[in-house]
Each structure stands twice: as structure tokens, then as C-alpha cells.
Amino acid sequence: MSDSGARAGRLDEAVPARYLEVTGIEAWADACSRAYVPLAVDIASPSGPQPAAGAQVRGAVRERVLGTVGITQIGSTPATVTRTERSVRSDPREVFMFAVFLGGGGTTVQAGRIARYGRRSGFLMDGDRPYSMRFEEGNDLLALRLPRARLAAADRTLRGITSTAVPGSCDTLNVLRRYLAGLVAMRRPVAAHEVATHEEIAVELANALVHEMVYPERSMPALSGGALVASVRWFIDQNYADPGLSVDDIARRFMISRRYLEKLFAAIDDGAPAAYLRRQRLRRAAVRLAAYPQMKVESIAREVGFIDVNTFARAFRREFGANPRVWRRDRGRTGAALLPPGRARPLLTSLDEFDWSA
């Protein structure tokens with residue numbers, strides 16, 4: 001598409017989620033308003049440097065709607081978006097938005113609270129009250145928009161935690177981030193019978209995050225079904241390199257029985273937690289084999305949690321169809337993709353690694 005003037009949206013056929021890219025303040029304000037609530041856009045951030053003469057806002061949105069919730073990946077050049085008192089009065093919306101930065105950062109203001117964010121941190125905003133969000137260069141975030149009725153906490157509780165930074169170290173925020181990324185990244189349409197399931201998992205994770213924001217010192221929020229499996233997957237992904245990690249350890253971490261954990265995975269993941277742990281170790285090994293061609297296979301096996309290199313080699317062959325050395329030689333060499341000269345940096349980070357349907 002052309003880089004000048006407002007550009008109409010188009011459906012990206014490679015990714016069934018709706019994709020829109022625009023240039024210009026009015027076009028970007030319209031795109032943001034359609035994705036969230038009515039918003040005004042300013043190219044100049046209030047405390048930042050003045051934009052260069054002739055500068056234009058560029059923005060991109062990738063969105064998937066599942067029942068009552070909307071999941072959006074959004075990125076732009078530096079800009080400030082504002083939900084004004086006038087727009088709240090003329091077009092009230094009982095919605096809340098959870099957002100987590102994939103890249104860049106920014107500042108939010110709501111109800112007198114000012115919060116500053118960096119990569120992977122997150123926040124909650126009330127769409128039915130005025131707010132302002134200032135985004136910096138390279139900002140890219142995932143947002144979950146859901147009706148007020150889907151959040152279990154009282155209004156006073158919710159309004160007391162808006163425009164408050166959630167650190168990137170928060171496990172529940174990271175589970176939510178990865179789940180939302182997976183929904184946006186899916187390269188196939190979501191089947192009708194899957195919509196309600198994905199919607200409920202996203203809502204349950206959002207309520208779990210509210211719990212952690214309100215009660216950070218207390219025990220982990222209660223999770224069930226797909227939300228629990230999503231959290232277990234995240235825990236495994238963070239601890240796969242521990243050679244002593246077992247399914248019993250994982251079950252104890254989430255205060256459930258091994259039998260119940262395995263039953264959940266069989267119903268939702270069509271597999272077993274032990275198989276998921278093994279797959280993650282092997283996939284991380286494949287990344288290392290490709291990225292570090294001089295590194296010994298034995299060292300890579302130990303780094304990803306295998307004690308015995310022969311056990312690793314047999315498992316790798318079953319997963320990838322070749323032993324690690326042959327796979328590295330024939331298929332593991334990759335080169336860094338460079339942008340063509342003069343080509344602008346993509347506004348949205350690739351989420352291909354999160355596409356569990358690929």
C-alpha cells in the first residue's frame with residue numbers, strides 16, 4: 001500500500017485476523033476508535049520533542065473478535081491518544097482494556113494516576129472515564145477489550161487499579177500476553193465451536209490478573225480448564241531447562257494432583273504435560289542448533305534439560321526426522337532477514353512463534 005495519505009484497510013489473507021494500516025491523524029484516530037472507544041489523536045506527545053515538519057502518524061492494527069471480547073495488536077509512530085470527557089458523555093462505553101507492551105513503551109494517565117511503561121509491562125484502563133496514553137517510538141502492544149460485566153471485581157476496585165503499571169515479571173500478565181498473541185497470530189479462522197472456549201479463557205485470565213493487581217501478596221488466583229493449562233504451559237516454558245523438573249513438580253506448583261493435570265491436558269491440549277515439556281526442550285534445542293553452529297550438541301542437550309545426549313538425540317530424531325547434527329547441517333542454517341534499503345520498520349512485531357495452529 002502507498003505510504004502517503006490515509007490508506008484503506010484490507011483483509012490480510014495470510015492471517016485471518018482483521019489487519020489495517022493507515023497514515024494520517026484522522027485515519028489513525030478512526031482506526032483506534034473502531035478498535036477501542038472513541039479517541040482523539042495528537043502526533044506530538046505532550047512532553048516530547050516537536051515532530052519534524054510534514055511528519056505523519058503511521059499506525060497498524062491486527063484484530064480478532066471472539067464473542068464479547070476483542071483482541072488487538074496495535075503499533076504506531078509516536079502519538080498521544082485521548083479519551084476526552086466530551087466523548088465519554090456523548091458515547092459512553094462500559095468496557096475495560098488490558099494491555100501489555102511487546103515493544104517500546106509509553107505513559108498513561110487516568111483518574112489522576114500517571115504510570116510509565118516499558119517493554120512487557122502492562123496496564124488496565126477504564127473505557128468509560130477520560131484517559132490519555134502517550135506512545136513512544138517503536139511501540140507495539142497487545143490489548144484485550146472486554147465488557148465491564150465480564151470482570152468479577154467491584155467497580156471501586158477496578159477503578160482503583162487503572163493506569164497502574166503491572167511489571168513484566170508478573171506470571172499472569174505473561175500468560176495473558178502469550179494467549180492473546182496466539183489468538184491474533186492464528187493463521188486459520190477460529191472455528192465457531194472454539195469461539196466461546198477462547199473467550200472464556202481470556203476472560204478468566206483477565207480476572208486472575210485483576211486478583212493479582214489487587215492482592216499481590218496473596219496466593220495465586222484459582223484457575224480452571226484452559227486458563228490453568230495456559231498457565232502450566234507458561235511455567236514449563238520458564239523452567240524447561242531444569243533437568244529435574246517433573247510432572248509431579250508441576251502439579252504441586254499449581255496445587256493440583258498429577259492425575260487431574262494429565263486429565264486437563266488430555267482434554268484441552270490433546271496430549272500430556274510430559275510430552276509438552278519434551279517438545280519445548282526439543283524446540284529450544286533446535287533454535288540453539290541453528291543459532292550457534294559451533295556449539296557442541298552435548299552442550300545444547302544439557303542446556304535444554306537433557307542429562308543424557310543419546311536420549312536427546314533419539315527424541316530429536318522422533319520430533320524432527322533427523323539426528324541433531326544432520327538437522328543442523330541440512331536445515332538448521334538461517335540468515336538474518338534485513339529490511340530493503342529505505343523500507344520503514346514494520347509497525348507490528350511478528351507473532352508467528354505464538355501460532356499454535358501452524
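Listed from fewest to most Cβ neighbours within 10 Å, the set S87, S246, S169 follows the order S169, S246, S87.
From the coordinates of this entry, Cα Rg over 2.2 N^0.38 Å is computed, and it appears in (i) 1.12; (ii) 1.07; (iii) 0.99 under the label (ii). Which residues make up the longest stretch of the chain clear of trypsin sites (Lys or Arg not before Pro) that lie in a DSSP loop with no more than 11 other Cβ atoms within 10 Å, not counting the sites? Formally, the longest exposed-site-free interval is 1-217. In summary, the helical segments of the chain meeting the span-like criteria, namely a full DSSP H run, a Cα extent along the axis of 18 angstrom or more and a mean Kyte-Doolittle hydropathy of at least -1.0, are 171-185, 192-214, 225-239, 273-291. With neighbour counts taken as other beta-carbon atoms within 10 Å, the residues M255, M220, M133, M186 rank, fewest first, as M255, M220, M186, M133. Of all stretches in the chain that contain no GluC sites (Glu not before Pro) in a DSSP loop with at most 11 other Cβ atoms within 10 Å, the longest one is 218-358. Which FRET efficiency, nearest 0.05, do D155 and V195 yield, Cβ-Cβ r, R0 30 Å? Efficiency, rounded to the nearest 0.05: 0.60. Calculated FRET efficiency, Y292 and S350, Cβ-Cβ r, R0 30 Å, to nearest 0.05? FRET efficiency, Y292 to S350: 0.85.
Sorted fewest first by neighbouring Cβ atoms within 10 angstrom, V88, V166 come out as V88, V166.
Read-outs: derived from the displayed coordinates by stated rules, not from any lab. All figures in this text were calculated on a predicted structure; none of them were measured in a lab. All Cβ positions, glycine included, derive from the backbone under ideal geometry; neighbour counts span all protein chains shown.
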